[in-house]
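Notes follow the structure.
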Amino acid sequence: MRKVVMTLILGAFLYPFTLSAQTENSPELQQIITSAGKFLSQNDFDNAAAMYTQAIRMAPENVALRRDLAYTYFLKKDLDRAKQTIEPVLNSPSADEQTFQLAAAIEQANGNFAKAKKIVSSGLDKFPNSGLLYNMKGNLLIVDAKNNSSALKEWNTGIQKEPAYPTNYYNAAKAYFQNGEYMWALIYAETFINLEPYTAKTVDMKRMLLDGYKKVFSQMSDNTLPEFNNSKSTQKQKNDFAGAFKQSINTNISTISDGFDVDNLTMLRTRFLVYWNSHFAQQYPQSLYTYQTRIVKNGHFNAYNQWLFGAVDNSQNFTAWATQFKDAIRNFEMWKQSNPYLPNVADEHPAK
């Protein structure tokens with residue numbers, strides 16, 4: 001259990017605590033910080049700690065440096081020194097979101113779950129719109145819970161409070177996939193990929209996104225007949241976001257009747273958008289679908305879908321496609337840099 005807990009804790013941190021390197025420092029101090037970061041990236045925790053300690057002596061009021069040192073001890077699994085380093089910052093007015101996150105992670109690693117939750121709650125009192133702290137709260141709840149419902153609630157709240165913070169989408173997508181709620185798994189996975197497009201987690205989400213569509217396809221392809229003359233059931237489907245999604249998929253499912261590959265999936269998603277925009281877009285605004293529609297109108301939807309699914313579906317086919325259509329990939333990536341996806345908190349949302 002201790003190994004599982006540590007794995008979950010480390011998964012809570014998106015980036016190493018190297019924010020100290022981004023502040024205005026003297027050239028000498030900056031050189032020390034840079035060296036510390038290099039040692040940390042090489043898992044040379046002793047030398048990293050020595051460098052951060054030296055830097056703190058030069059800039060004792062620099063909160064980020066003390067947090068970096070505590071994080072180094074945390075990675076070294078010297079939890080006592082990590083706690084001793086972070087507590088003075090935690091108890092000061094200078095404590096920021098990452099300070100609360102790291103302090104809670106240290107307590108969690110020590111098995112002090114109640115104290116870890118208390119620290120996160122204090123952090124949310126100070127930073128009520130922190131997606132990072134809601135993500136941490138969900139991570140704390142998932143460890144000793146029988147199911148993921150309480151953690152999922154926190155991740156969804158984090159999405160509502162700070163919709164541009166990626167990791168809540170990542171954790172929520174995995175939870176929805178585990179629960180068999182593939183619609184929200186698809187939406188959240190693709191949202192995460194667009195918000196964090198170039199990390200190891202992105203590859204994980206791309207695989208899950210492809211698997212999610214396969215799950216949806218298998219559900220839609222069963223031989224169960226709909227109820228006869230049940231207008232009430234039909235009306236309920238039309239007045240429900242999930243029902244609207246299902247209807248939009250089902251109406252166009254024939255696009256992948258001859259096989260499940262990236263080309264057919266692209267056609268399905270294209271026709272889904274046309275149908276959705278004609279029937280449900282005004283009633284159920286969803287910024288992901290609006291963004292996909294912009295991609296279509298700018299002529300990049302094929303490249304976008306290849307970017308999402310190509311490599312995880314068939315790396316050889318994707319390499320051949322990317323070689324043949326390298327301009328399409330390059331033009332899409334240039335367009336995406338100038339047109340990043342920004343989630344809209346007002347969208348239809350499962351936590352509402």
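The values are calculated or read from the model by the stated rules, or taken from the named source; none is laboratory data. Keep in mind that this is a model prediction, so the values were computed, not measured. FYI the Cβ positions are ideal-geometry reconstructions off the backbone, even for glycines, and counts take in every protein chain you see. For accessibility, only protein heavy atoms count, side chains too; no ligands or nucleic acids. Shrake-Rupley method; radii C 1.70, N 1.55, O 1.52, S 1.80 Å.
Structure notes:
- Qualifying residue in region 106-119 (condition: among the polar types (S, T, N, Q), over 21 Å from N25 (Cα atoms) and in contact (Cβ under 8 Å) with a residue 24 or more places away in the chain): yes
- Exactly one residue out of K215, K201, K206, K246 is closer than 22 Å to P350 by Cα and modelled with pLDDT of 95 or more: that is K206.
- Listed by first and then second residue, the pairs linking a residue in region 240-269 that is within 16 Å of G212 (Cβ to Cβ) to a residue that is part of a helix (DSSP H, G or I) and of a type in the set (V, I, T), with Cβ atoms under 6 Å apart and 6 or more places separating them unless they lie on different chains, are N264/T255; N264/I256; L268/T255; L268/I256.
- For S20: the one exception among (1) modelled with pLDDT of 95 or more; (2) buried (at least 19 other Cβ atoms within 10 Å of the Cβ): (1)
- Restricting attention to region 305-352, the residues being in contact with a Lys or Arg (Cβ under 8 Å, 6 or more places away or on another chain) and open to solvent by less than 40 Å² (accessible area, probe 1.4 Å) number 4.
- Screening A172 against (1) buried (at least 18 other Cβ atoms within 10 Å of the Cβ); (2) farther than 23 Å from Q286 by Cβ; (3) among the small types (G, A, S) leaves a single unmet condition, (2).
- Pair list, Cβ < 6 Å and 6+ apart or interchain, from region 196-209 residues that are closer than 11 Å to K174 by Cα and open to solvent by less than 40 Å² (accessible area, probe 1.4 Å) to residues that are at pLDDT 95 or above and small (G, A, S): M205/A189; M208/A189; L209/A189
- Any pair with Cβ under 8 angstrom, 6 or more apart, that starts in region 319-342 at a residue that is in contact (Cβ under 8 Å) with a residue 60 or more places away in the chain and within 15 Å of E196 (Cα to Cα) and ends at one that is among the β-branched types (V, I, T) and in a helix (DSSP H, G or I): Y341/T191
- The residues listed here are S92, S122; of these, the one that is open to solvent by 20 Å² or more (accessible area, probe 1.4 Å), of a type in the set (G, A, S) and not in a loop (DSSP other than H, G, I, E, B) is S122.
- Lone qualifier among N129, N156, N139 - being open to solvent by 30 Å² or more (accessible area, probe 1.4 Å) and within 26 Å of F192 (Cα to Cα): N129
- Of the helices (runs of 4 or more DSSP H) entirely within region 233-350, those holding at least 3 residues that are closer than 25 Å to A173 by Cα and either out of contact with any Leu (no Cβ under 7 Å at 6 or more places or on another chain) or not aliphatic (A, V, I, L, M) (or both) occupy 241-251, 262-279, 287-297, 301-305, 326-338.
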